[in-house]
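Note sheet for the following structure.
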Amino acid sequence: DATNSFCKGLAYSTYNNNHLLNVRASNMSVFKDEPNHFVNWLASTNKEFSKDDFVPRKVYADYVTQTLENLEEENEFISLQKITSEVTAILKTEQGFVINSIETIEVKKVVLALGNFLPAHPAKTELSYTNSKFYLRNAFSNSLAKTIENAHHLTIVGSGLTMLDTLRSLHLFN
């Protein structure tokens, strides 16, 4: 992970507690066979949320991070090497794969767990607007408030949860 945001990715590395999950806490366990795992974690960490709440994404990121750390500590068969770098190539070999990054790593198997990507630019033949400092592709960017600080007019393209999260952020920034 080149951004060093292990377990968070785009959706959960938000800085804003008003960015909420779009699913109730009772449906967000990382374990299929332990449906109350997330709700129990909330209770054990003194988070004041119920199973019916839409919890902040930031809190969920903490849960996923702590769950991974616990699995690594408790299970001798789990060993992680976290590398803060971008993978530049994955090559198939007779023995498995070679992953090129800041170093070359030989592995037997590869799982691509890439999460969500930034949204595509609106379909258009001319994309010069994407180079503007006033164009934000990532609605969860920490620079959102600074970028639009003196804007009198703002257009948000979208109609789902990300649009609502953006409106919540803008409301907080006045």
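The values are calculated or read from the model by the stated rules, or taken from the named source; none is laboratory data. Please read these numbers as outputs of a predicted model, since none were measured by experiment. Positions of Cβ are backbone-derived with ideal geometry, glycine not excepted, and every protein chain shown enters the neighbour counts. Just so you know, the surface numbers come from the protein's heavy atoms only, side chains and all, with ligands and any DNA or RNA stripped out. Shrake-Rupley method; radii C 1.70, N 1.55, O 1.52, S 1.80 Å.
Details
- Flag set for Lys92, criterion: at pLDDT 85 or above and open to solvent by 80 Å² or more (accessible area, probe 1.4 Å).
- Matching residues, region 121-151, being open to solvent by less than 90 Å² (accessible area, probe 1.4 Å) and touching a residue at least 60 places away in the same chain (Cβ under 8 Å): Asn138, Phe140
- Listed by first and then second residue, the pairs with beta-carbon distance under 8 Å, at least 6 apart or on different chains, first residue in region 52-63 and under 15 Å from Asn36 (Cα atoms), second open to solvent by less than 70 Å² (accessible area, probe 1.4 Å) and polar (S, T, N, Q), are Asp52/Ser26.
- Only one entry in Leu114, Leu154 is in a loop (DSSP other than H, G, I, E, B), over 24 Å from Tyr12 (Cα atoms) and either in contact (Cβ under 8 Å) with a residue 40 or more places away in the chain or open to solvent by 70 Å² or more (accessible area, probe 1.4 Å) (or both), namely Leu154.
- Residues in region 117-150 that are modelled with pLDDT under 75, in a loop (DSSP other than H, G, I, E, B) and among the basic types (Lys, Arg): Lys124 only.
- Filter result for the condition that a residue is among the hydrophobic types (A, V, I, L, M, F, W, C) and either under 21 Å from the mean Cα position of the chain (by Cα) or on the phi > 0 side of the Ramachandran plot (or both), over Ala25, Ala89: Ala25
- Meets criteria (without any contact (Cβ under 8 Å) to a residue 24 or more places away in the chain and within 23 Å of the chain's Cα centre (by Cα)) for Ser79: yes
- Checking Ile90, Ile102 one by one, the residue that is part of a loop (DSSP other than H, G, I, E, B) and of a type in the set (A, V, I, L, M) is Ile102 and no other.
- Test set (1) open to solvent by 70 Å² or more (accessible area, probe 1.4 Å); (2) within 30 Å of Asn18 (Cβ to Cβ); (3) in a loop (DSSP other than H, G, I, E, B); (4) not basic (Lys, Arg) - Gln81 fails condition number: (2)
- The residue that is nearest to Thr162 (Cα to Cα), among those in region 43-67 that are small (Gly, Ala, Ser) and part of a helix (DSSP H, G or I), is Ala61.
- If the condition is being among the small types (Gly, Ala, Ser) and part of a helix (DSSP H, G or I), then region 13-42 contributes Ala25, Ser26.
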